[in-house]
There are 2 protein chains.
Amino acid sequence: MEKVSFSPLSRLAICGGTHGNEMSGVYMVRELQKLKLDRKGSVSITTVLTNPRAVDACRRYMETDLNRCFTDDLLSAPITDSTPYELRRACELNTQLGPKGSREAVDLLCDIHNTTSNMGICLIFYSSDWIALHIYKYLQRKITSAPVKAILLDTTSSEAYSLESVGKHGFTMEVGPQPNGVLRADIFNMVKEAVDLLIEWLQKFNSGSVFEGGEVEAFTPVRSVDYPRDPTTNDITAAIHPELQDNDYTLLHAGNPVFQSFSGETVEHEGEDLYPVFVNECAYYEKKIAFHLTKKITLTLPSISIKQD
Amino acid sequence: MEKVSFSPLSRLAICGGTHGNEMSGVYMVRELQKLKLDRKGSVSITTVLTNPRAVDACRRYMETDLNRCFTDDLLSAPITDSTPYELRRACELNTQLGPKGSREAVDLLCDIHNTTSNMGICLIFYSSDWIALHIYKYLQRKITSAPVKAILLDTTSSEAYSLESVGKHGFTMEVGPQPNGVLRADIFNMVKEAVDLLIEWLQKFNSGSVFEGGEVEAFTPVRSVDYPRDPTTNDITAAIHPELQDNDYTLLHAGNPVFQSFSGETVEHEGEDLYPVFVNECAYYEKKIAFHLTKKITLTLPSISIKQD
């Protein structure tokens, strides 16, 4: 594969609090703001607490999920009296960090999230972006305190609904396991290490380092699985099985236990072998998702470097 | 010590959902209701989902903490248009399961809670109650899958603010660690085992078994410790130190690390040796409590049995 070159990545945005009860991002952003870390070498850094009302209320969101508001359609809809708070806030963030798809958008946007699932550090990409994937490769090589994994979605920029789609490049950083509303030092330290390495990578890139290509693994979604439910009340009738709980990324074969009903029966995985992710994520109960099933793919990255003008 | 005898304990109440986002109690109560388990031998069982609105909203409470509403003063205050939902609900529960302090009250009330702290099964008693302490002794001997501990408070029945004070005897069963809004099978199975053993104990007691006296250990609160905070913003500036996180009940000596600031400094425990409990409990952030410090005490229980008329 040939080497691919890119313009300098001088404008970085670090965001937290997009979900107001996911504390690592909230405190990471506050700490960066306290340090007044608005530049490091070649990189200017913007830090944003993105959903301040939800942070104050320690809730995921006030009226609607902010991290579902960044499609082109939603960002271009007229604002009226009945527009939810989060959609107004999305437009403000699009003005501050974008506009999405424009030359003025920040070069890289990293939005920090937590999950109650045992996901370690998981970067989520909405498309195959060589810059973001090279950063993933770098973090995976440098961080030894936790697994570093990636989930690759396949959406167009226009349809991408999450905050990081506002940047020219970007990713969601999901870190767990951490309960909503709780800040764990071990998880905070993982986020801090990842943010430091992200800034280090950008500085190296801007100073002309060539990042060699190679292979990386990522997980791509196949389908979601809901909890077993009572057909009349719709209440869930089983919990994630203890053998699946905390075992994100571990291949499920047909017959492996996935749920344990409250009366003690086991429900087994059916069909093809797949990798579960976001197992028992708190916020997915309302979305009727017990876990996602994914395939593992291998991506071949080209070498990349800064464009020499 | 002489043997102490008591009237039969024929009326048991199992409650859950007092905090609407603590899922073990919610699903334990729903499961018992589904099984229509309203009697087991000599024991009639009432199951109550105590804060249904908070359960539906998956929030700790709607207007005020239900588990702080059961003092004599609050239960006897007149209900007006401005009375919070939870206080109205407390009065309903007092009618259904009490009235508190009366002959009509249920014989034993067990209210199931979850904590994000690594507390295993922790029974909380508001006074030295031989019945409740003997049940604790029984659970501690029978349950091997998790530590079974007890916290003993020292309040009068009149001042006791939590639901179980409505029963003639009772305790709060705190089980963790479990994030709010999440149901873990391992934690659910612990609760189920404890509830089964509680019913088994009551049946044995009612059928004339003598429970031999002996010693049990309990933790009694000394003081609470708040997070370090920024004096101007009041934001917390440190998380529970990784060496303290998940180490509830482990004796803290002066010099042991208790907090790690976001910039990396360690804050140490000062003063006398004490045992931390409720370390990094989610709901205590708003109460400005990072953990409680307790002393370990030994209680000598008399032998107990049913009163022979």
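The values are calculated or read from the model by the stated rules, or taken from the named source; none is laboratory data. Since the model is a prediction, treat every value here as computed from it, not as a measurement. Heads up, the Cβs are rebuilt from the backbone with ideal geometry, glycines too, and the neighbour counts pull from every protein chain shown. What goes into the accessible areas is simple: the full protein's heavy atoms, side chains included, and nothing from ligands, DNA or RNA. Shrake-Rupley method; radii C 1.70, N 1.55, O 1.52, S 1.80 Å.
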Worksheet entry | Residues satisfying the stated conditions in region A:59-70, i.e. acidic (Asp, Glu) and open to solvent by less than 60 Å² (accessible area, probe 1.4 Å) | A:ASP65
Item to complete: Under 7 Å between Cβ atoms, at least 6 apart or on separate chains: pull out the pairs that start in region B:83-98 with a residue that is surrounded by 15 or more Cβ atoms within 10 Å (Cβ to Cβ) and end on any residue that is among the basic types (Lys, Arg).
Response: B:TYR85/B:ARG53; B:ASN94/B:LYS100
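Scan region B:261-288 residue by residue and report those that are within 28 Å of B:HIS19 (Cβ to Cβ) and either in the same structural domain as B:ARG60 (by TED's automatic domain parsing) or crowded, with 18+ Cβ neighbours inside 10 Å (or both).
Our first condition is that a residue be within 28 Å of B:HIS19 (Cβ to Cβ); within region B:261-288, this holds for B:274-288.
Once the filter is applied, which keeps residues that are within 28 Å of B:HIS19 (Cβ to Cβ) and either in the same structural domain as B:ARG60 (by TED's automatic domain parsing) or crowded, with 18+ Cβ neighbours inside 10 Å (or both), region B:261-288 yields B:LEU274, B:TYR275, B:PRO276, B:VAL277, B:PHE278, B:VAL279, B:ASN280, B:GLU281, B:CYS282, B:ALA283, B:TYR284, B:TYR285.
With the structure loaded, tell me whether A:LEU74 is of a type in the set (A, V, I, L, M, F, W, C), out of contact with any strand residue (DSSP E or B) (no Cβ under 7 Å at 6 or more places or on another chain) and over 26 Å from A:GLY181 (Cβ atoms) or whether it fails that test. Write out each step before concluding.
Details: of a type in the set (A, V, I, L, M, F, W, C): yes; out of contact with any strand residue (DSSP E or B) (no Cβ under 7 Å at 6 or more places or on another chain): yes; over 26 Å from A:GLY181 (Cβ atoms): yes.
Considered against the rule, which asks whether it is of a type in the set (A, V, I, L, M, F, W, C), out of contact with any strand residue (DSSP E or B) (no Cβ under 7 Å at 6 or more places or on another chain) and over 26 Å from A:GLY181 (Cβ atoms), A:LEU74 comes out as yes.
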Worksheet item: What residue, among those in region A:190-238 that are surrounded by fewer than 17 Cβ atoms within 10 Å (Cβ to Cβ), within 30 Å of B:THR237 (Cα to Cα) and acidic (Asp, Glu), is nearest to the other protein chains (Cβ to nearest Cβ)?
Response: A:ASP196
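Of all the residues that make up region A:239-248, how many are facing chain B (nearest Cβ under 8 Å) and open to solvent by 30 Å² or more (accessible area, probe 1.4 Å)?
1
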Item to complete: Please state which of the following conditions A:VAL29 fails to meet, knowing it meets all the rest: (1) open to solvent by less than 20 Å² (accessible area, probe 1.4 Å); (2) more than 14 Å from chain B (Cβ to nearest Cβ); (3) not aromatic (Phe, Trp, Tyr).
Response: (2)
Worksheet entry | Which numbered condition A:ALA146 fails, given (1) within 14 Å of chain B (Cβ to nearest Cβ); (2) in contact with a Cys (Cβ under 9 Å, 6 or more places away or on another chain) | (2)
Discussion item. Checking the structure you have, find out if any residue of region A:155-171 is hydrophobic (A, V, I, L, M, F, W, C) and not in a helix (DSSP H, G or I).
Written reply: yes
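Filter region A:129-154 down to the residues that are part of a loop (DSSP other than H, G, I, E, B) and of a type outside the set (Val, Ile, Thr) and list them by number. Step through it out loud before you land on a result.
If we filter region A:129-154 for residues that are part of a loop (DSSP other than H, G, I, E, B), which is where we start, we get A:129, A:143-147, A:153-154.
Listed by number, the residues that qualify are A:ASP129, A:SER145, A:ALA146, A:PRO147, A:LEU153, A:ASP154.
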Item to complete: Filter region B:155-167 for residues that are open to solvent by 40 Å² or more (accessible area, probe 1.4 Å) and within 14 Å of the chain's Cα centre (by Cα) and give the result.
Response: B:TYR161
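Give the residue that is nearest to the other protein chains (Cβ to nearest Cβ), with candidates limited to residues of region A:252-305 that are assigned to a loop (DSSP other than H, G, I, E, B) and touching a helix residue (DSSP H, G or I) at 6+ places or on another chain (Cβ under 8 Å).
Residues of region A:252-305 assigned to a loop (DSSP other than H, G, I, E, B): A:253-256, A:262-265, A:269-273, A:278-281, A:285-290, A:302-303.
Then keep just the ones that are touching a helix residue (DSSP H, G or I) at 6+ places or on another chain (Cβ under 8 Å); that gives A:262-263, A:278, A:290, A:302.
On the way: A:PHE262: 4, A:SER263: 7, A:PHE278: 12, A:ALA290: 10, A:PRO302: 37 Å.
Only one residue tops the list, namely A:PHE262.
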Worksheet item: Of the residues A:CYS91, A:CYS110, which is more than 14 Å from chain B (Cβ to nearest Cβ) and assigned to a strand (DSSP E or B)?
Response: A:CYS110
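When you check A:GLY170 against the structure, is it open to solvent by less than 10 Å² (accessible area, probe 1.4 Å), in contact with a strand residue (DSSP E or B) (Cβ under 7 Å, 6 or more places away or on another chain) and modelled with pLDDT of 95 or more, yes or no?
Working: open to solvent by less than 10 Å² (accessible area, probe 1.4 Å): no; in contact with a strand residue (DSSP E or B) (Cβ under 7 Å, 6 or more places away or on another chain): yes; modelled with pLDDT of 95 or more: yes.
The answer is no for A:GLY170.
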Worksheet item: For B:ILE187, are the conditions met, namely being closer than 21 Å to B:LYS149 by Cβ, surrounded by 16 or more Cβ atoms within 10 Å (Cβ to Cβ) and assigned by TED's automatic domain parsing to the domain that holds B:VAL279?
Response: no
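Give me a count of the residues in region A:172-189 that are within 14 Å of chain B (Cβ to nearest Cβ), in a strand (DSSP E or B) and either free of Cβ contacts under 8 Å to residues at least 60 places away in the same chain or touching a helix residue (DSSP H, G or I) at 6+ places or on another chain (Cβ under 6 Å) (or both). It would help to see each step written out before you state the result.
Let us first name the residues in region A:172-189 that are within 14 Å of chain B (Cβ to nearest Cβ), namely A:175-189.
Subset that is in a strand (DSSP E or B): A:175-176.
Those still in the list that are either free of Cβ contacts under 8 Å to residues at least 60 places away in the same chain or touching a helix residue (DSSP H, G or I) at 6+ places or on another chain (Cβ under 6 Å) (or both) too: A:175.
Number satisfying all stated conditions: 1.
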Worksheet item: Among the candidates B:GLY16, B:GLY41, B:GLY20, which residue alone is on the phi > 0 side of the Ramachandran plot and in contact with a helix residue (DSSP H, G or I) (Cβ under 7 Å, 6 or more places away or on another chain)?
Response: B:GLY41
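Tell me, which residue of region A:34-58 that is open to solvent by less than 80 Å² (accessible area, probe 1.4 Å) and within 13 Å of chain B (Cβ to nearest Cβ) is modelled with the lowest pLDDT? Step through it out loud before you land on a result.
So the first thing to find is which residues in region A:34-58 are open to solvent by less than 80 Å² (accessible area, probe 1.4 Å), and the list is A:37, A:41-52, A:54-55, A:57-58.
If we keep only those that are within 13 Å of chain B (Cβ to nearest Cβ) too, we end up with A:37, A:49, A:52, A:55, A:57-58.
Numbers: A:LEU37: 81, A:LEU49: 98, A:PRO52: 98, A:VAL55: 97, A:ALA57: 94, A:CYS58: 94.
Looking at the filtered set, the residue picked out is A:LEU37.
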Discussion item. Take B:GLY170 and tell me if it is in the same structural domain as B:GLU86 (by TED's automatic domain parsing), small (Gly, Ala, Ser) and within 17 Å of B:ASN118 (Cα to Cα).
Written reply: no
